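Enquirer: The structure follows.
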Amino acid sequence: MIKQLKTPWSDTVGNLPLPEYPRPQFVRDSFLNLNGYWKCAFTASRQKPETFDQDILVPFSPESLLSGVNRILKPDEYLWYKRNFTLEKGFNRGRVILHFGAADQSAVVYINGQCVGTNEGGYYPFAFDITDYLKEENEITIRIRDLSDTSYYERGKQKINRGGIWYTPQSGLWQTVWLESVPQQYLENVRITPDYKMQTLNLDFIRNNDLPVETEISLNGKLLKHVTSNDDKVAVHFEEIQAWSPENPVLYDLKLTCGEDTVTSYFAFRCFEIKSASDGRLRFFLNDKAYYPNGLLDQGYWSDGLYTAPTDEAIVHDITVCKERGFNALRKHIKIEPLRWYYHCDRMGMLVFQDMVNGGETYSSWTTMFSSVFTTTTKDTQENYKKFARENEKGREMYYTGLKRMIEHLYNCPSIVLWTPFNEGWGQFDSKKAYEYVRKLDDTRVIEPASGWHDQNFGDINSKHIYFKAVNMKKFSDNRLYYLSEFGGYTLKLYDHCFNDKQTFGYKQIKSVEQLNDNLRVLFTRDILNNIDKGLAGSIYTQVSDVEDEVNGLMTYDREVTKVNRETLLDIVEKINEKYRKF
């Protein structure tokens, strides 16, 4: 039996979900949140319906419990949204911009009956200048199409026929919708690149004018630097800096003024790289010290909101649970979160290993699952497009477009230290080209060419997924860094808190909370602690929480029960850190 599970925050969502400012990395005081109840309708054609007969709570997808709709948008249907809004006197400072955190998969947006723009790709923010379309009373209408896994679009773990490691499909608006106003001349964006080694902050300004930009940098309320420049690029040097780490997440405040436009942000000095340690083995280094990322796979699913956390407090809760159990990294698994998730990782101190969202046509089970038993290396050239579900040229082009959008979108988040273009052959293609493309977009972060199998024998990282057997470091035979990017997945099903009574997916069945905690101590000692001296440089345990049939989380899907005790792994983590202090 499939159950609808609430989380501890479900009943606190209210009529204005997620009211917080959605873009902490680029803040203006102009903000009108458009979350809340909208009208929606499902149609068989692309023609606007005469009536919108159902309420939907935005920004929860219609498939979710919290949306109030509980209905899957089928590939041959359209989902329509509608709501009205008025602007308070004085809100319009010159231009009014309508922002969408994300809409899955394709969106056409109308203001007062006129099309203002379109978007393809369900994981990226988009915005339209709607100034010239505004009236005293205004209507937003949105048409959504979602082909889910029946096309080549990026889709993550979504599947119409859900089950096992594939989850309920989602569609429509799943991040905050909001309005802001800017002067006619304003700062469009800023690219923030702190250089830890040179103790310098590099800023690249994108603006629609030639006005000077005034930069103020503060720490703990104390003004450190004040620079004014007409240049598009500014470098600010510091005599001394405080470094960011999970143990000491120091954030500097940044205030930028361009004419009448003022934006606030933040940044951090940190350096994450791969180099040889004192034992001669390649290891991750954080701020010039060997550092072991002890992480968790984070799918970012919620039993009530699916892709969308019910509240900001819920996001903080998940990160807190992980940190309290000794984890210092989260691998964000083939999903791009709202910017507030990264903000909390930035301020609380959590390394983020960010996956690109997978796409492509229908996957072959042999390529994406069974081949891992027999081989981990595959010649990755054009003749394999069919094998890896990448025959569609537009789909391959969309992958690169999405990769660029993701990296530019998340570039200013200091917690992100590693990019992963592909996972387990899910739509993998032209791996070296993708690797070089990522490096061109961002040469400040580490790149893991492919997580798990279908390794192409290049790059700095040899990444393994090992579930059903002990880790054998002798098989890591090349000269790259050894990284266990997935392991564990121990399965403890608590029936009062499970999504599906009949179906269970996991890698080792556990009968009780006590047995789970005991088994985790044995696993982390055998596969992690005992392999540090042999060269193991980082690991990602599966996973933060249960997700639908997959019940191998530290927490239940509804977040009501944390199965792993706070003290279970802390002594093992301290032993890992003790080993690393000698490198």
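What follows draws every value from the coordinates through simple rules; no lab data is involved. Note that the coordinates shown come from a computational prediction; the quantities given were computed from them, not determined experimentally. Heads up, the Cβs are rebuilt from the backbone with ideal geometry, glycines too, and the neighbour counts pull from every protein chain shown.
Enquirer: Modelling each spin label as a point 7 Å along the Cα-to-Cβ direction, I'd like the THR264/ASN209 distance in nm, to one decimal.
Expert: Once both label points are built, they end up 2.1 nm from each other.
Enquirer: For ASP129 and LYS508, compute 0.36 nm times the residue count separating them, minus their Cα-Cα distance, and round to one decimal in nm.
Expert: Values: separation 379, 0.36 × 379 = 136.44 nm, distance 5.21 nm.
Separation in residues times 0.36 nm, less the Cα-Cα distance, equals 131.2 nm.
Enquirer: Give, as ranges by residue number, the residues of region 291-316 whose backbone N falls under 18 Å from the point 7 Å along Cα→Cβ of ASN15.
Expert: none
Enquirer: Here's a follow-up. Quote to one decimal, in nm, the extra length available between ALA470 and ILE160 on full extension: 0.36 nm per residue of separation minus the C-alpha distance between them. Write down the numbers at each step before the final one.
Expert: Numbers: separation 310, 0.36 × 310 = 111.60 nm, distance 3.44 nm.
Stretched fully, the ALA470-ILE160 segment lengthens by 108.2 nm.
Enquirer: Can you sort TYR81, TYR435 by how many other beta carbons sit within 10 Å, fewest first?
Expert: On the way: TYR81 23, TYR435 20.
Least crowded to most crowded, the residues run TYR435, TYR81.
Enquirer: Another question, then. Could you tell me what a quarter of the Cα convex hull surface of region 387-508 works out to, in nm² with one decimal place? Working shown, then result.
Expert: On the way: hull surface 42.1 nm².
Hull-based average projected area comes out at 10.5 nm².
Enquirer: Using 7 Å Cα-to-Cβ label points, what is the ALA235/TYR495 separation (nm, one decimal)?
Expert: 6.6 nm
Enquirer: Using helices alone, I'd like the mean residue ellipticity at 222 nm for the chain: each DSSP H run of four-plus residues gives -39500 (n - 2.57), total over residue count, nearest 500. Write out the running numbers ahead of the final one.
Expert: Numbers: 7 runs with 78 residues, N = 583.
Theoretical 222 nm ellipticity from helices: -4000 deg cm²/dmol.
Enquirer: Also: Short version: what are the Cα gyration tensor semi-axes of region 292-348, square root of 5 times each eigenvalue, largest first, in whole Å?
Expert: Numbers: eigenvalues 64, 31, 24 Å².
After diagonalising the Cα gyration tensor, the semi-axes are 18, 12, 11 Å.
Enquirer: Grab the other residues whose beta carbon is less than 11 angstrom from that of ILE334, score K and R as +1, D and E as -1, and report the net. If you can, show how the numbers build up before the last one.
Expert: Details: positive: ARG155, LYS157, ARG331, LYS332, LYS335; negative: GLU154, ASP298, ASP355, GLU424.
That works out to +1.
Enquirer: Once each part is reduced to its C-alpha centroid, what is the distance from region 417-455 to region 288-332 in angstrom?
Expert: About 22 Å separates the Cα centre of region 417-455 from the one of region 288-332.
Enquirer: I would also like to ask the following. Pull out the extension gain between GLN515 and THR320, defined as 0.36 nm times the separation in residues minus the alpha carbon to alpha carbon distance; nm, one decimal. Spell out each step's value before the answer.
Expert: Numbers: separation 195, 0.36 × 195 = 70.20 nm, distance 2.35 nm.
Extra length from GLN515 to THR320 when fully extended: 67.9 nm.
Enquirer: Along each principal axis of its Cα atoms, how long is the chain end to end? Whole angstroms, biggest number first, please.
Expert: Here the Cα extents, ordered largest to smallest, are 69, 62, 49 Å.
Enquirer: Give the dimensionless ratio obtained when the Cα radius of gyration of region 272-580 is divided by 2.2 N^0.38 Å. Intermediate values should be presented prior to the final figure.
Expert: Details: Rg = 18.6 Å, N = 309, 2.2 N^0.38 = 19.4 Å.
Computed over Cα atoms of region 272-580, the ratio equals 0.96.
Enquirer: Same structure, new question: How many nm separate the modelled label positions at LYS197 and ASP288, each set 7 Å beyond the Cα in the direction of the Cβ?
Expert: For the pair LYS197/ASP288, the computed spacing is 1.1 nm.
Enquirer: Something else about it: In units of 2.2 N^0.38 Å, what is the alpha-carbon radius of gyration of region 102-213? Before the final figure, lay out each step's value.
Expert: Values: Rg = 19.2 Å, N = 112, 2.2 N^0.38 = 13.2 Å.
In units of the 2.2 N^0.38 Å rule of thumb, it is 1.45.
Enquirer: Would you kindly calculate the translational diffusion coefficient of region 187-267, applying Stokes-Einstein with the Kirkwood radius from alpha carbon pairs, for 10 °C and a viscosity of 1.306 mPa s, and quote it in µm² s⁻¹ without decimals?
Expert: Working: Rh = 13.2 Å.
Value of D from the Cα-based Kirkwood radius: 121 µm²/s.
Enquirer: Using every pair of alpha-carbon atoms in region 432-583, split the distances into 5 Å bins beginning at 0 and state the percent of pairs per bin, rounded to integers.
Expert: Histogram of Cα-Cα distances, whole percents per bin: 2, 9, 16, 18, 16, 14, 13, 8, 4, 1.
Enquirer: Next question, about the same structure. Show me the ranking of peptides 45-53, 480-488 by mean Cβ neighbours inside 10 Å, starting with the highest.
Expert: On the way: 45-53: 11.3, 480-488: 23.9.
My ranking of the peptides, most packed first, is 480-488, 45-53.
Enquirer: For region 10-182, what size does the Cα cloud have along each of its three principal axes, sorted from largest down, in whole Å?
Expert: 51, 34, 31
Enquirer: For LEU481, enumerate residues with amide H under 5 Å from its amide H, sequence gap 5+ or separate chain, H modeled in the peptide plane.
Expert: Long-range HN contacts for LEU481: ILE461, ASN462.
Enquirer: For region 209-364, what size does the Cα cloud have along each of its three principal axes, sorted from largest down, in whole Å?
Expert: 54, 46, 35
Enquirer: Can you pull the Rg over Rh of region 176-229, Cα-only, Kirkwood?
Expert: Values: Rg = 14.0 Å, Rh = 13.5 Å.
Over the Cα atoms of region 176-229, Rg/Rh equals 1.04.
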